[in-house]
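Engineer: Please find one structure pasted underneath; my questions will follow.
No value in this document is a laboratory result; all are computed from the given coordinates. On a predicted model such as this, the values are computed, not experimentally measured, just so you know. Here the Cβ positions follow ideal geometry from the backbone for every residue, glycine too, while neighbour counts run over all protein chains shown.
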Amino acid sequence: MKFIVIGCGRWGAGLAGTLQDRNHEVAVVDVDPQALERLGDGFRGARIVGSGLDREVLVRAGVERASGLAAVTVADATNIVVARAARELFHVPKVIARLYDPRKAAIYRRLGIETIATVEWGVHRIADLLAYSSLDVSVSIGHGGIDVVEVDVPRLLVGRTVADLSIPGEVSVIALSRADRTFLPTQGAILEAGDRAHLVVVASSVERLKRLLAID
């Protein structure tokens with residue numbers, strides 16, 4: 001997938017490297033050419049000097065085909081404006097904004113912009129939110145190494161058992177939602193059409209889970 005990171009401070013450089021390690025295409029934008037040096041010699045993505053507030057810069061970064069964008073500059077106002085532009089003008093599917101003032105987070109979530117305000121686990125959390133595709137992250141445990149995710153049971157697994165949706169030590173089904181109730185299933189419980197599965201997954205096993213679910 002293609003992702004854009006706006007801002008190449010500690011957050012931006014760490015996020016870009018994490019996404020690249022997960023085999024994604026990454027473009028990083030910063031007004032300061034020296035800031036882009038934080039990416040290191042091993043960074044293979046695009047380094048773009050310019051402001052994320054500039055439409056032409058976003059287009060040059062590939063916003064029109066991006067799967068996600070994270071605005072992680074040091075300025076809340078810049079992050080929100082860039083995030084809204086990506087969401088509303090370019091229809092980027094996943095948009096994340098770094099906020100220093102968490103009191104504003106609820107406002108922006110109502111606008112369809114997810115926000116991150118905790119430095120300790122933020123880099124891995126943003127990478128997960130951008131890259132999980134059809135997997136909805138509901139809770140991140142610890143420093144982002146383990147997540148609780150939700151997914152609609154795919155057609156190919158209907159009629160199979162919960163055990164077929166589990167990978168020992170990597171993915172576990174903790175609950176199923178069916179019609180108007182949620183329950184704890186046994187390993188032999190049969191998956192039905194319309195079920196929504198709640199799973200605990202190790203971050204490094206997400207791609208394996210997606211292959212199991214046939215998610216692109």
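Engineer: In terms of the Cα gyration tensor, with a ≥ b ≥ c the square roots of its eigenvalues, is the chain rounded because a/c is under 1.5, prolate because a/b exceeds b/c, or oblate?
Structural biologist: Details: a/c = 2.23, a/b = 1.97, b/c = 1.14.
Taking the square roots of the gyration eigenvalues as a ≥ b ≥ c, the chain is prolate.
Engineer: Excluding residues fewer than 8 places away in the same chain, name every one of the lysines whose C-alpha is closer than 20 Å to that of LYS104.
Structural biologist: LYS94
Engineer: Here's something else I'd like to know. Pull out the extension gain between TYR100 and ARG55, defined as 0.36 nm times the separation in residues minus the alpha carbon to alpha carbon distance; nm, one decimal.
Structural biologist: On the way: separation 45, 0.36 × 45 = 16.20 nm, distance 2.42 nm.
Gain on extension, TYR100 to ARG55, equals 13.8 nm.
Engineer: Given an 8 Å cut-off on Cα distances and at least 6 residues of separation, report the relative contact order of the stretch 5-77 as a percent.
Structural biologist: Details: 105 pairs, mean separation 27.9, N = 73.
It rounds to 38 percent for the stretch 5-77.
Engineer: I would also like to ask the following. Angle check, please: helix 76-88 long axis (alpha carbons) against the longest principal axis of the chain (alpha carbons), in degrees 0 to 90, nearest 10.
Structural biologist: The helix 76-88 is inclined about 60 degrees to the chain.
Engineer: Neighbouring Cβ atoms within 10 Å as the yardstick, rank LEU157, LEU191, LEU15 fewest first. Please list the in-between numbers first.
Structural biologist: On the way: LEU157 18, LEU191 21, LEU15 28.
By the 10 Å Cβ count, ascending, the order reads LEU157, LEU191, LEU15.
Engineer: Measure nothing fancy, just the Cα-based angle from helix 119-131's long axis to the longest principal axis of the chain, in degrees from 0 to 90, nearest 10.
Structural biologist: 70
Engineer: Follow-up. Which whole-number percent is the relative contact order of the chain (Cα, under 8 Å, 6+ apart)? Intermediate results must be reported in sequence, preceding the final value.
Structural biologist: Details: 423 pairs, mean separation 31.2, N = 216.
Reported as a whole number, the value is 14 percent.
Engineer: Still on this structure: Relative contact order for the stretch 138-213: what percent, with Cα pairs under 8 Å and sequence separation of 6 or more?
Structural biologist: Numbers: 137 pairs, mean separation 29.5, N = 76.
Relative contact order of the stretch 138-213: 39 percent.
Engineer: May I pose another question? Pairing the Cα long axis of helix 10-21 with the longest principal axis of the chain, what angle in degrees results, from 0 to 90 and rounded to the nearest 10?
Structural biologist: Roughly 50 degrees between the two axes.
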